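Here's the structure we're looking at; comments come further down.
Bear in mind these aren't lab numbers, they're just calculated from the coordinates by the rules spelled out. A quick note: this is a predicted structure, and the numbers were derived from the prediction, not measured. A quick note on method: Cβ atoms are made from the backbone with ideal geometry, for glycine too, and the neighbour counts reach across all protein chains shown.
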Amino acid sequence: MPAYAKGGKVVCFFQGAQKFGTRYATLGFSDQATLDEGRMWPTAFALKELAAADEARIRELLQRAVR
């Protein structure tokens, strides 16, 4: 499964639904991504379909994760 790393550490990963026999694909972030937002924030997202707004949100999260 694809993953993105920064400084040799994974910051983002993707798990396809078909590969794992699940209802949805998963886009996840490790603690190395430092996407902290207050005291609680999501570290993984379920993806059933991808609309333009979803792609924009993913792009923004990836840019923050690799800074």
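In segment 1-19, the residues that are in contact (Cβ under 8 Å) with a residue 60 or more places away in the chain form Cβ pairs under 6 Å with partners that are in a strand (DSSP E or B) and not small (Gly, Ala, Ser), at six or more places apart or across chains, as follows: Tyr4/Val11; Tyr4/Cys12.
Could you please give the count of residues in segment 8-24 that are outside any helix (DSSP H, G or I) and either touching a helix residue (DSSP H, G or I) at 6+ places or on another chain (Cβ under 6 Å) or exposed (fewer than 11 other Cβ atoms within 10 Å of the Cβ) (or both)? Result for segment 8-24: 7.
Sub-9 Å Cβ pairs linking a first residue in segment 51-67 that is of a type outside the set (Ser, Thr, Tyr) to a second residue that is in a helix (DSSP H, G or I), at least 6 apart or interchain, are Leu61/Ala33; Leu62/Ala33; Arg64/Ala33; Ala65/Gln32; Ala65/Ala33; Val66/Ala33, ordered by first then second residue. Taking residues in segment 38-49 that are free of Cβ contacts under 8 Å to residues at least 40 places away in the same chain, and partners anywhere that are exposed (fewer than 10 other Cβ atoms within 10 Å of the Cβ) and assigned to a loop (DSSP other than H, G, I, E, B), the pairs with Cβ atoms closer than 9 Å and at least 6 places apart or on different chains are Ala46/Arg23; Lys48/Arg23.
Could you check segment 25-49 and list, in sequence order, the residues that are in a helix (DSSP H, G or I) and surrounded by 15 or more Cβ atoms within 10 Å (Cβ to Cβ)? Once the filter is applied, which keeps residues that are in a helix (DSSP H, G or I) and surrounded by 15 or more Cβ atoms within 10 Å (Cβ to Cβ), segment 25-49 yields Gln32, Ala33.
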